[in-house]
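The values are calculated or read from the model by the stated rules, or taken from the named source; none is laboratory data. What you see is a predicted model, and the numbers here were worked out from it, not measured in a lab. Backbone-built Cβ (ideal geometry, glycine too); neighbour counts: all protein chains shown.
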Amino acid sequence: MVGGGQLQEIMQVAAENWERVFKSANGNWKLTIEYGWATLVGNLYANERMVAEGGNPSRITHSCILFNNAPEPFAPTVGLFADPTPRDNSEFLTYTSNAVNMGDGWLNAGRVFSDAAGDAVNRMDLLQAAMHEIGHALGLDLKYSGFDTQGNRRLVEVTAPRPFAGSAILIANGPHIDGFPQTPLMIERPLSGARQMISGADVLLLAQLGSVNRTDLTEPSLDENGNGNQSIATSSVSSSPTCPTNDTTTDTGVW
Ligand SMILES: [Zn+2]
C-alpha cells in the first residue's frame, strides 16, 4: 500500500476522532465495527453496511466496513494513500476550516487538510475514507431506523436539545450530506489529495439521526485525538459472513 501505513492503526485513529466529538454526549453508545480489505466493485473506495441496531433511542450497534483492495478511481486520482503516521497530518501542508451562518450562530461545515505532499499527492487518503465510513456506521445508513424516519425525507430537521434547532440539513445522493458550500466529511464525492476531517455539520446531522445530546461542535486542536465514554470497538477481519462484499443495489456511489 502506497504510504506504508497500516489499516488497523488508521481505523483506530478514525474511531478516536469520532469518539472525541461524542464523548460529552448523553448515555452509552457502543458500536462494534468489523473491517477489512475486500474486492469490491471498481467504482468503490470502501463501503459500510449496518448489521444491527438497538437500544432506546435505537442506534447502530454493529456494522461492517470493507475497503476495496483494487479500486479503479477516475484520473487524476491514482489510488489510495495509507498514512504511516495517521495521528498527525504532516503530509498535508494547508489546513482550512470554514463555518456557515445558520441564522442563530456559526456552524463549522468543513475542516480540510489539503496541499498533499509526497505519497499523498493525487491519492485518496485512507484515513479520510475510514472516518467517512465510520460516519455511515454512526447513522447515515439506509437500513438504520433513525435515518429511515428522518433522512429519507431528504431534509433532516434539527430539533432541541441539539444546538441550531429549527434549522435543516439536506440529504442527497444516498445517505450523504448536501447543501453546504463547504466540504463536510459526509458528502458524496471525496476530495483527492486531501484529508476531510469531521466537521460540525457532520456531527450535528449524526446527533440528530441518533438522538444524541451534547456533542462537541468546537474546533479541536489540530493533531489531537480524545478518548471518552462513547466507544467504537473495531476488529479486523479477513472474511466475515456478516460482511457481504458486493451489493449492486446500494453500491452506486464511490464511498
Ligand atoms: Zn459515503
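Which numbered condition in (1) part of a helix (DSSP H, G or I); (2) more than 25 Å from Thr218 (Cα to Cα) is the only one that Pro73 fails?
(1)
Please work out if Leu126 is closer than 28 Å to Ser235 by Cα, modelled with pLDDT of 95 or more and more than 11 Å from the ligand (Cβ to nearest atom).
So Leu126 passes the test.
Among the residues in the stretch 137-145, are any at pLDDT 95 or above, more than 13 Å from the ligand (Cβ to nearest atom) and within 24 Å of Asn56 (Cα to Cα)?
Yes, the stretch 137-145 contains a residue that is at pLDDT 95 or above, more than 13 Å from the ligand (Cβ to nearest atom) and within 24 Å of Asn56 (Cα to Cα).
Residue pairs, Cβ under 7 Å, 6 or more apart or interchain, first in the stretch 114-139 and under 14 Å from Tyr35 (Cα atoms), second in a loop (DSSP other than H, G, I, E, B) and more than 11 Å from the ligand (Cβ to nearest atom). List them.
Leu126/Gly5; Leu126/Ala82; Leu126/Asp83; Leu127/Asp83; Leu127/Pro86; Met131/Ile198
Can you list residue pairs whose Cβ atoms sit under 8 Å apart, with the first residue in the stretch 22-50 being closer than 25 Å to Phe74 by Cβ and the second being basic (Lys, Arg)? Count only pairs 6 or more apart in sequence or on different chains.
Here the result reads Arg49/Lys143, each pair linking the stretch 22-50 to a residue that is basic (Lys, Arg).
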